[in-house]
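**Q** I am attaching a structure below and will ask some questions about it afterwards.
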Amino acid sequence: MDKKYIISFKSGSNTVVTNETENDFFSLDIVDNENRFSVILKPKKPFELVDFYVEFPYEFKKGDSFFAGGYQSWTTTREYKADEIQKGITKLAGITKLTKDLARLASDERIVKYTQKPGEFHSHCYTYVKNGGKVKFWGSLSEKTGFTYFKVRMNENYFSIRKDALGKLVEEPWQVFDIVYFEGGYDEVFDKYFSLSPMPEARNRCMSGYTSWYNYFQKIDEGIILRDLNGLDRAKDEVSIFQIDDGYESFVGDWLVPDPKKFPHGMKYIADKIHDKGYNAGIWLAPFSCQRVSQTAKLHPDWLIKENGKPMLGCLGWGGAYTLDIYNPEARAYIKKFFDVVLNEWGFDMVKLDFLYSECMIPRAGKCRGEIMHDAMLLLRECVGDKLILGCGVPLGSALGIVDACRISCDVDLDYIGKIYNKLNVSNEVPSAQNAITNSVFRRHLNGRAFMNDPDVFFLRNDNLKFTDEQKVLLAEINNLCGNVLFVSDNAGAYDEMQTERLKKYLRKTDKKIVDAEYLDKDVIRIKTEQGGETCNFVFNIKKGIIMSNNK
């Protein structure tokens, strides 16, 4: 198949766009056969890239679905038909400055433009076209050299493979693409893809237990944590991990200074109490983030990533947070130091690492965004050693082969129907139970192959929650089917007998296997499962949270 190359690069103050495969600046080594497409760019002199992609015709057929894999953990991921639209940041995001800024910070709109036209979609790292039980799959093996994404216009029979090359200073041969192509059944193509790269041994494990975030958010203290720890006793046999989430630290970024009022005995005391129960101890960190009011940000402004000469805002949480620059030696040393304390002095066994995308929002140091994210992930693995990493808010292509578990959905919300920003669908990353379920279903193939899928929490409690009983069951069923990280945020000590039995059920990984999943219409999803040789159709209305059937 003939491919057209489009390469943009800087020459002095000008940007040059060419479709040449060789010129005075570079040559391309291209391998293009039935199952592999590889491009290595060889510079003849140093130059800076702006963009690099290849496009070609592809005949989409009636009934085809295109898989649009989201940029990072929280980004909407699903299959689309040619008459559907992949929404990006909507105009409604501008209702308030907060929603507009939040949407832009976490999204991939710095990388790719959403046209919001029928049939025009993109997918990060890998994609497939499905028709019935047949799958045509493309996947990148070169994410460490930069983010790869696939862009299609189904109604125009257009397909392209693209590298986010902005800011890449090419001084030596650079692997632009290494794409594999397979055809086969759904599980068959993913088995082939993930067999080509080393993955963590822990990906086949299951972590079941508790995380504090979705009941108290930052309003946790020693008393609440120990009460909820004891509250799990009735389900003790199904619990393997107990995680402390955000709220224990004095300020985000000041990780070595736990809030002395909330946790007067310190965090080692908490980890010891968790271990006394026989559980692994987990703790949340945003390792690259520094709250604007933190001592770290105030005392070490030179450690922070700068954009246009000012500290770059990496996220809006906690009144705004800046981002540590991993290429600053002192910042890097500080990151290593607090990990050493948390893991080796406090004794935690697992770290949930959040808002990781903030490290690679802008190209710098002659590196494109994907290279920076890869460097950041390697640093985290170096810091954590052989203990467990649960990644969150991370570009998934960069997490492959490095994290043991990974969030594959946005945050759920305490209101199933959703708050105003959910209902307006201002972006693909805002908290939403519906979006979390969608992502869990359509990223199910990652579970046990790439890492342990973390589909976020399920709920069984009756207070501080706007879920019907049916919506609670739906979320718990989906999490158990699609994930190996099964967390609840409730005080299980307040459960009645039925809730306790449900907790045991949903913390115990099912042996049901998903055979297929698809949208039947705009709001209805059908999941076909198999167990003991019998098949079942699990059909639900995702918008309303209504289970329509669960029959053989």
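**Q** Considering only the stretch 369-391, I want to know if a residue exists there that is outside any helix (DSSP H, G or I), surrounded by fewer than 22 Cβ atoms within 10 Å (Cβ to Cβ), free of Cβ contacts under 8 Å to residues at least 24 places away in the same chain and not β-branched (V, I, T).
**A** Within the stretch 369-391, one or more residues are outside any helix (DSSP H, G or I), surrounded by fewer than 22 Cβ atoms within 10 Å (Cβ to Cβ), free of Cβ contacts under 8 Å to residues at least 24 places away in the same chain and not β-branched (V, I, T).
**Q** Can you name the helices (runs of 4 or more DSSP H) wholly within the stretch 181-289 that have at least 2 residues being over 27 Å from the mean Cα position of the chain (by Cα) and of a type in the set (G, A, S)?
**A** Values: elements: 186-194, 213-216, 222-231, 266-276.
Answer list for the stretch 181-289: 222-231.
**Q** With the requirement that a residue be surrounded by fewer than 24 Cβ atoms within 10 Å (Cβ to Cβ) and part of a helix (DSSP H, G or I), what does the stretch 345-357 give you?
**A** Within the stretch 345-357, E345 is the sole residue that qualifies.
**Q** Residue check, T127 against (1) in a strand (DSSP E or B); (2) of a type outside the set (A, V, I, L, M, F, W, C); (3) open to solvent by 10 Å² or more (accessible area, probe 1.4 Å); (4) over 19 Å from C368 (Cα atoms), all met but one. Which one?
**A** Against the list (1) in a strand (DSSP E or B); (2) of a type outside the set (A, V, I, L, M, F, W, C); (3) open to solvent by 10 Å² or more (accessible area, probe 1.4 Å); (4) over 19 Å from C368 (Cα atoms), T127 comes up short only on (3).
**Q** Sticking with this structure for a sec: Could you count how many residues in the stretch 430-450 are at pLDDT 95 or above, β-branched (V, I, T) and in contact with a helix residue (DSSP H, G or I) (Cβ under 9 Å, 6 or more places away or on another chain)?
**A** So the answer is 2.
**Q** A further question on this structure: Looking only at the stretch 297-319, how many residues end up being crowded, with 17+ Cβ neighbours inside 10 Å, without any contact (Cβ under 8 Å) to a residue 40 or more places away in the chain and either part of a loop (DSSP other than H, G, I, E, B) or of a type in the set (V, I, T) (or both)?
**A** 1
**Q** Of the numbered conditions (1) closer than 25 Å to F487 by Cβ; (2) open to solvent by 10 Å² or more (accessible area, probe 1.4 Å); (3) in a helix (DSSP H, G or I), V342 satisfies every one except a single condition; which is it?
**A** For V342, the exception is condition (2).
Each row is one residue, and each column tells you yes or no for (1) over 30 Å from D411 (Cβ atoms); (2) modelled with pLDDT of 95 or more; (3) surrounded by 15 or more Cβ atoms within 10 Å (Cβ to Cβ); (4) touching a Pro at 6+ places or on another chain (Cβ under 9 Å).
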{"site": "F9", "(1), (2), (3), (4)": "yes, yes, yes, no"}
{"site": "F25", "(1), (2), (3), (4)": "yes, yes, yes, yes"}
{"site": "F37", "(1), (2), (3), (4)": "yes, yes, yes, no"}
{"site": "K44", "(1), (2), (3), (4)": "yes, yes, no, no"}
{"site": "F47", "(1), (2), (3), (4)": "yes, yes, yes, no"}
{"site": "P57", "(1), (2), (3), (4)": "yes, yes, no, no"}
{"site": "T76", "(1), (2), (3), (4)": "no, yes, yes, no"}
{"site": "A82", "(1), (2), (3), (4)": "yes, yes, yes, yes"}
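**Q** Follow-up. Does F263 satisfy being of a type outside the set (S, T, Y), surrounded by fewer than 22 Cβ atoms within 10 Å (Cβ to Cβ) and closer than 24 Å to V384 by Cβ?
**A** On the way: of a type outside the set (S, T, Y): yes; surrounded by fewer than 22 Cβ atoms within 10 Å (Cβ to Cβ): yes; closer than 24 Å to V384 by Cβ: yes.
Taking the combined requirement at face value, the residue satisfies it.
The values are calculated or read from the model by the stated rules, or taken from the named source; none is laboratory data. For clarity, every value in this text was computed on a predicted model and none was experimentally measured. So basically every Cβ, Gly included, is an ideal-geometry build from the backbone, and we count neighbours across all protein chains shown. What goes into the accessible areas is simple: the full protein's heavy atoms, side chains included, and nothing from ligands, DNA or RNA. Shrake-Rupley method; radii C 1.70, N 1.55, O 1.52, S 1.80 Å.
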